[in-house]
1. Which strands (runs of 3 or more DSSP E) does the stretch 4-56 wholly contain that include 3 or more residues that are more than 16 Å from residue 66 (Cβ to Cβ) and at pLDDT 95 or above?
2. For the stretch 16-59, which positions are small (Gly, Ala, Ser) and exposed (fewer than 15 other Cβ atoms within 10 Å of the Cβ)?
3. May I ask you to list the residues in the stretch 26-47 that are under 15 Å from the mean Cα position of the chain (by Cα) and of a type in the set (S, T, N, Q)?
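The values are calculated or read from the model by the stated rules, or taken from the named source; none is laboratory data. Note that the structure is a prediction, hence the values are computed from the model and not measured. Neighbour counts run over all protein chains shown; Cβ positions are idealised from the backbone, glycine included.
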Amino acid sequence: MLKLRESIKVRNEAEAINNAINQGQMKNPADYRYMFTKRYKLDNEWHDIFINLNTGHRESVRVEQWITEDKEE
């Protein structure tokens, strides 16, 4: 996982897409591109951020579970 700053990370795209599908927030993954994962100050929760390729709008899906663990180098 790439850590851009404390509140923004880039995780495995397949995990982010599966998270959105499992929550019923995404029906057709081909219409979206994963951008990054961000911790929002408002709820202190991580959210996967996608861009809708048809509309250009960003969409947020709360992360239910991290699948891969952070590894310190």
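1. Details: elements: 8-10, 32-39, 46-52.
Passing ranges, in order: 32-39, 46-52.
2. Filtering the stretch 16-59 down to residues small (Gly, Ala, Ser) leaves 16, 20, 24, 30, 56.
Passing the criteria: 24, 30, 56.
3. Residues satisfying the conditions are 37, 44.
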